[in-house]
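Please read the structure below before turning to the comments.
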Amino acid sequence: MDDHAHKFIKGKQLRPESLMMSYGYRPEWSEGAIKIPIFQTSTFVFKSAEEGKAYFESALHPDRDQPSEESGLIYSRLNNPDLEVLEDRLTLWDEAEACTVFESGMAAISTVLLELLNPGDVLLHSEPLYGGTDYLFKHILPRFGNKTVGFKAGCPVEEIEDALVSSGASDRLGVIFMETPANPTNSLSDIRACADWARRYSEERRVLLAVDNTFLGPLWQHPLKHGADLVIYSATKFIGGHSDVIAGVCLGSAEVVARIRMLRTFLGTSAGPWSGWLLLRSLETLKLRMTCQMKNARYVADFLADHPKLEKVNYLGHLTEEDPQHGIYRKQCLAPGSMISFDIAGGEAEAFRFLNSLQLFKLAVSLGGTESLTEHPTTMTHSELDPDEKVGMGITEKMVRLSIGVEHPNDLILDLEQALDNV
């Protein structure tokens, strides 16, 4: 449903936050409704048998030469108006050629890798990762004959190559996967450096670089502009932004996304119309919400940085020029986002006492919602990671993660202050 003509006024392209209200949809298509309706239907009626045949040819064989007519609606597992408009609008922030939406962030990651990896291929990935992603890589993908090799987020390219060579399977590199900033440490990986290395490394067989950009969302980092082939989001987080929908997103070139969408069709990992409609609703306020959250996080991080009961605060806005990650931040990030983690003096008992004392912050996993959330990574989101690996990644019993919402920052600081007083 790409509505290219409506992206411009007087020859100037409109900005994403303006296009979120109308791009890809016209009210006359739905009885004048200013917002796209929820197309709560499983299937769509063809005007003729010939049309049905043509639609299936277009949907299931996109590599064949097709007439100029766009592919039509068939069945909501394949396509749905809410999802098509949503996918069009999501391409705008990252300036991607194509997008496909999934029922969850994990559905997006698993479908992408099942499409791109062959049995025997190596998946090279940054660490730490979200706990669910880590489990998929280390416990599920090996069942399909894939070897996974990790490298520390932020390490030089030479160390990444050394990790691959040491694995003994450097000739089978299939995909590189980065989560940057890393969950929950906020560690950054250099997208451009890794992308350039991947190009040099894969002369005969193209090795694709996929980046999980969930922590900074579509506003504050654009991996495709730094050489990544695919960018993945848990749309549950900032894109959805209201803690009321589960979804995932993958963006990239039209060629690669078409392959992934095809597998999505047969795995059945596509999002439904209600999820699509909720995400369309949320996109209209994405910039407002994320800007407010980012500004609030600055106040909160400044308060935490000087608190005597905290040993360390992980916040991108506090990187100094002496920090080796500062150069990566200045190169690929547009703002520090709204995620903070810190080490509290003591251990699990002190962390739990702090968490149990909070009143305004909600003790819950997930992030990027309008409400401020907090959790204990080592026993919650990252509980399934190997204990020794967690320590090496800096995920200890004393770590607490915060997702800053849209409340008044002074109230958030007041809640943190009283909770720390109780430790």
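The values are calculated or read from the model by the stated rules, or taken from the named source; none is laboratory data. Just so we're clear, the structure is a prediction, and the values are computed from it rather than from any experiment. Neighbour counts run over all protein chains shown; Cβ positions are idealised from the backbone, glycine included.
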Next on the checklist: Could you check region 1-20 and list, in sequence order, the residues that are surrounded by 14 or more Cβ atoms within 10 Å (Cβ to Cβ), at pLDDT 90 or above, outside any helix (DSSP H, G or I) and out of contact with any Leu (no Cβ under 7 Å at 6 or more places or on another chain)?
Outcome noted: LEU14
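Which helices (runs of 4 or more DSSP H) does region 196-286 wholly contain that include 1 or more residues that are outside the structural domain of ALA364 (by TED's automatic domain parsing) and closer than 18 Å to PRO81 by Cα?
254-267, 273-283
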Checklist outcome for this item: Going through (1) charged (D, E, K, R); (2) surrounded by fewer than 22 Cβ atoms within 10 Å (Cβ to Cβ); (3) at pLDDT 95 or above one by one, ARG261 fails only at (2)
Item to check | Long-range neighbours under 6 Å by Cβ, at least six apart or interchain, first residue more than 15 Å from SER202 (Cβ to Cβ) and modelled with pLDDT of 90 or more within region 161-176, second surrounded by 13 or more Cβ atoms within 10 Å (Cβ to Cβ) and of a type outside the set (S, T, N, Q) | outcome: ALA163/VAL149; ALA163/PHE151
Next on the checklist: I'm trying to understand the selection: among the residues of region 236-286, which are under 25 Å from SER372 (Cα atoms) and of a type in the set (Ser, Thr, Tyr)?
Outcome noted: THR236, SER243, SER275, SER282, THR285
Checklist outcome for this item: Given (1) free of Cβ contacts under 8 Å to residues at least 60 places away in the same chain; (2) surrounded by fewer than 17 Cβ atoms within 10 Å (Cβ to Cβ); (3) of a type outside the set (Lys, Arg), LEU73 misses just (2)
Next on the checklist: Can you find a residue that is surrounded by fewer than 18 Cβ atoms within 10 Å (Cβ to Cβ), touching a Gly at 6+ places or on another chain (Cβ under 7 Å) and not hydroxyl-bearing (Ser, Thr, Tyr) anywhere in region 123-141?
Outcome noted: no
Checklist entry - Quick one: what pairs do we get from region 316-342, first residue over 16 Å from PHE215 (Cβ atoms), second surrounded by 22 or more Cβ atoms within 10 Å (Cβ to Cβ) and hydrophobic (A, V, I, L, M, F, W, C), C-beta under 9 Å, 6+ apart or different chains? => result LYS331/ILE191
Item to check | Unique match (being surrounded by fewer than 19 Cβ atoms within 10 Å (Cβ to Cβ) and under 25 Å from ASP94 (Cα atoms)) among LEU355, LEU360, LEU334 | outcome: LEU334
Checklist entry - Somewhere in region 90-102, is a residue in the same structural domain as LEU173 (by TED's automatic domain parsing), surrounded by fewer than 14 Cβ atoms within 10 Å (Cβ to Cβ) and in a loop (DSSP other than H, G, I, E, B)? => result yes
Checklist entry - Is it true that some residue in region 162-180 is surrounded by fewer than 22 Cβ atoms within 10 Å (Cβ to Cβ), polar (S, T, N, Q) and touching a Leu at 6+ places or on another chain (Cβ under 8 Å)? => result yes
Checklist entry - Of (1) within 21 Å of ARG206 (Cα to Cα); (2) touching a residue at least 60 places away in the same chain (Cβ under 8 Å), THR133 satisfies all except one. Which? => result (1)
Checklist entry - Any residue at all in region 148-159 that is in a loop (DSSP other than H, G, I, E, B) and either closer than 20 Å to PRO387 by Cα or in the same structural domain as ILE395 (by TED's automatic domain parsing) (or both)? => result yes
Item to check | Residues satisfying the stated conditions in region 318-328, i.e. surrounded by 19 or more Cβ atoms within 10 Å (Cβ to Cβ) and out of contact with any Gly (no Cβ under 8 Å at 6 or more places or on another chain) | outcome: LEU319
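Restricting the search to region 177-231, which residues are acidic (Asp, Glu), touching a residue at least 12 places away in the same chain (Cβ under 8 Å) and more than 20 Å from PRO324 (Cα to Cα)?
Once the filter is applied, which keeps residues that are acidic (Asp, Glu), touching a residue at least 12 places away in the same chain (Cβ under 8 Å) and more than 20 Å from PRO324 (Cα to Cα), region 177-231 yields ASP212, ASP229.
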Next on the checklist: Out of everything in region 235-281 that is of a type in the set (S, T, N, Q) and touching an Asp or Glu at 6+ places or on another chain (Cβ under 9 Å), what residue ends up being nearest to MET339 (Cα to Cα)?
Outcome noted: SER243
